[in-house]
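The values are calculated or read from the model by the stated rules, or taken from the named source; none is laboratory data. Small disclaimer: the values here were computed from a predicted structure and weren't measured. Cβ placement follows ideal geometry from the backbone for every residue including glycine, while neighbour counts extend to all protein chains displayed. Just so you know, the surface numbers come from the protein's heavy atoms only, side chains and all, with ligands and any DNA or RNA stripped out. Shrake-Rupley method; radii C 1.70, N 1.55, O 1.52, S 1.80 Å.
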Amino acid sequence: MGSTVDVRRDELPIVVIGAGPVGLAAAAHLLERGLEPLILESGDGPGSAVASWGQVRLFSPWRYDVDGAARRLLEPTGWLMPDAEGLPTGADLVTRYLTPLADTDAIASRLRTRTRVVAVSRDGADKTQSLGRDRRGYRVRAVVGERRESVDILARAIIDASGTFGRPNPLGRGGLPAMGEDRAGEYLTGPLPDVLGAQRLRFAGRHTLVVGMGHSAANSLLSLVELAESEPGTTITWAIRGGSARRLFGGGTDDELPARGLLGTKLRDAVDAGRLQLLTRVRIEELRPSGDTVKVLGLTKDDRLDLDTHAIVNATGFRPDLDMLREVRLDLDPVVEAPTALAPLIDPNQHSCGTVPPHGERVLAHPDDGFYLAGMKSYGRAPTFLLATGYEQVRSIAAALSGNRVDADTLQLSLPATGVCSTDLPGDSDGGSGSCCGASPDEPQLVTLGVGAAAGVGFATGVVHGRSGDTPRD
């Protein structure tokens, strides 16, 4: 498709990678500011990752799930906003919001599905070349369709909103796969299997191991507990790497997202009632496939780990695909793999019970101008992302790309508070719950921050001191 030597950079489209909620919101904001987006989606349609966990109900009601620019694009078509306080499932989000948005004339004409981006570079310059770099646009290489034909697309700027869902963390220690994990793929279900629906027979009357301590693990565990009520012989083991699950049990009624608070409360009750077995300080070292089961070997807090299980729900979190960005100059934190300015606000080792303030283009910028990570991918390996945060990110990015610095730097975000403040500190064995977030306000706060504004207002996400509050495991 030529090069930016032949075409002026400002005449090229802005490529948005991913047609999920944040990618489509990015396109809507770009269009609203008179900019030309081109959306590249690897799946068959919009929100393909969300569709894969369509049976799961979100914690956030619709009022937090619909982007403002997207709504303004949809309303002239006759689209009606769902009940603002209703809780959508993943399938609802796709069918009632993302698909209608993708079907608008403005988006449909600029959306290419079944187009997987495999590499991005500055056009005609690898990472080492500096001379004239800021005048160059971007070259995006993608593979298209079942035949995976390669195409190159030139872009003025890039918003990578491709997420992390397709890159799960391994089960083994130290970020490495367990021995034999590469041969045990048929036993791994992914983080959110449809336990009570399409995949019911895979779990009914069988033993399932759930690994992880996030909300994906909690959803799967509660579905398995419900299945066990009607399917004799259904057994559940829950393995976590930490010493306590209270971080996931959360803030209960103090949480302004009631569904999230209830999730933790119900899970704690299931553990207390003995409806599943909880193993703490688990280190999985080896998987040995054997017929219709896989043997899981390693260590727990108290003993050797030796389980035979039919399925493993690997709800171990995700990591970003950075291989495709090897030729882009990025400024990423070495721990979280998020933009360096964002990482201290979200690092789970430091203050996941602290707040994540609204943040925009300045925090997300990289040394290569015009390149941005947005949405879940901008959080790297941190697990605390919310859709509304991503919508504010892309609103600010679009403003900056349009040249409106004031709009880019004036951030407005309304988010619910949370009571998730329990700790796993050394010596904290009395079952109490620390409180670092204070009393929850009656309504979500509208926050306006300019350049240089102090951090500290935003969304409280987890435990005081995060993982640094855990006692050492090794």
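What are the pairs with Cβ atoms under 6 angstrom where one residue, in region 380-393, is within 16 Å of residue 162 (Cβ to Cβ) and the other, located anywhere, is among the hydrophobic types (A, V, I, L, M, F, W, C) and surrounded by fewer than 24 Cβ atoms within 10 Å (Cβ to Cβ)? Sequence gap at least six, or different chains.
So the pair list comes out as 380/336; 381/336.
Where residues in region 38-53 are in contact (Cβ under 8 Å) with a residue 60 or more places away in the chain and not hydrophobic (A, V, I, L, M, F, W, C), which of them is nearest to residue 96 (Cα to Cα)? Don't jump to the end; show me each part of the working.
Applying the first criterion (in contact (Cβ under 8 Å) with a residue 60 or more places away in the chain) to region 38-53 yields 38-46, 49, 52-53.
Going one step further and asking which of them are not hydrophobic (A, V, I, L, M, F, W, C), we end up with 41-46, 52.
Working: 41: 19, 42: 21, 43: 18, 44: 17, 45: 14, 46: 12, 52: 16 Å.
It comes out as 46.
Residue 174 passes all but one of (1) surrounded by fewer than 18 Cβ atoms within 10 Å (Cβ to Cβ); (2) over 22 Å from residue 247 (Cβ atoms); (3) without any contact (Cβ under 8 Å) to a residue 40 or more places away in the chain; which number fails?
For residue 174, the failing item is (2).
Counting only residues that are part of a strand (DSSP E or B) and out of contact with any helix residue (DSSP H, G or I) (no Cβ under 9 Å at 6 or more places or on another chain), which one in region 102-119 is nearest to residue 327 (Cα to Cα)? It would help to see each step written out before you state the result.
The first filter runs over region 102-119 and keeps only residues part of a strand (DSSP E or B), leaving 111-112, 115-119.
Imposing the further condition that a residue be out of contact with any helix residue (DSSP H, G or I) (no Cβ under 9 Å at 6 or more places or on another chain) reduces the set to 112, 115-116.
Working: 112: 23, 115: 20, 116: 17 Å.
So, considering only residues that are part of a strand (DSSP E or B) and out of contact with any helix residue (DSSP H, G or I) (no Cβ under 9 Å at 6 or more places or on another chain), the one nearest to residue 327 (Cα to Cα) is 116.
Just to check your reading of the model, which residue among 31, 73 is of a type outside the set (Val, Ile, Thr) and under 30 Å from residue 122 (Cα atoms)? Show your work before the answer.
Working: 73 fails: under 30 Å from residue 122 (Cα atoms).
Being of a type outside the set (Val, Ile, Thr) and under 30 Å from residue 122 (Cα atoms) holds for just one of 31, 73, which is 31.
Assess whether residue 102 counts as being open to solvent by less than 30 Å² (accessible area, probe 1.4 Å), under 21 Å from residue 11 (Cβ atoms) and out of contact with any Phe, Trp or Tyr (no Cβ under 6 Å at 6 or more places or on another chain). Break it down stepwise before answering.
Details: open to solvent by less than 30 Å² (accessible area, probe 1.4 Å): yes; under 21 Å from residue 11 (Cβ atoms): no; out of contact with any Phe, Trp or Tyr (no Cβ under 6 Å at 6 or more places or on another chain): yes.
Answer is no for this residue.
Just wondering, is there one or more residues in region 35-49 that are open to solvent by 10 Å² or more (accessible area, probe 1.4 Å), within 16 Å of the chain's Cα centre (by Cα), over 18 Å from residue 395 (Cβ atoms) and among the small types (Gly, Ala, Ser)?
yes
Given the structure, is residue 162 in contact (Cβ under 8 Å) with a residue 60 or more places away in the chain, part of a strand (DSSP E or B), out of contact with any Leu (no Cβ under 7 Å at 6 or more places or on another chain) and among the hydroxyl-bearing types (Ser, Thr, Tyr)?
On the way: in contact (Cβ under 8 Å) with a residue 60 or more places away in the chain: yes; part of a strand (DSSP E or B): no; out of contact with any Leu (no Cβ under 7 Å at 6 or more places or on another chain): yes; among the hydroxyl-bearing types (Ser, Thr, Tyr): yes.
Criteria not met by residue 162.
Being part of a strand (DSSP E or B) and crowded, with 22+ Cβ neighbours inside 10 Å is the filter here; which residues of region 213-244 pass it? Lay out the reasoning, then the answer.
First pass over region 213-244, keeping only residues part of a strand (DSSP E or B): 235-239.
236, 238, 239, listed by residue number.
I'd like to check something: does region 178-187 contain any residue that is in a helix (DSSP H, G or I), open to solvent by 20 Å² or more (accessible area, probe 1.4 Å) and of a type in the set (A, V, I, L, M, F, W, C)? Step through it out loud before you land on a result.
The initial filter retains those residues of region 178-187 that are in a helix (DSSP H, G or I), namely 181-183, 185-187.
After this cut, where a residue has to be open to solvent by 20 Å² or more (accessible area, probe 1.4 Å) as well, the list is 181-183, 185-186.
The next check asks that each one be of a type in the set (A, V, I, L, M, F, W, C); those that pass are none.
Among the residues of region 178-187, not one is in a helix (DSSP H, G or I), open to solvent by 20 Å² or more (accessible area, probe 1.4 Å) and of a type in the set (A, V, I, L, M, F, W, C), which makes the answer no.
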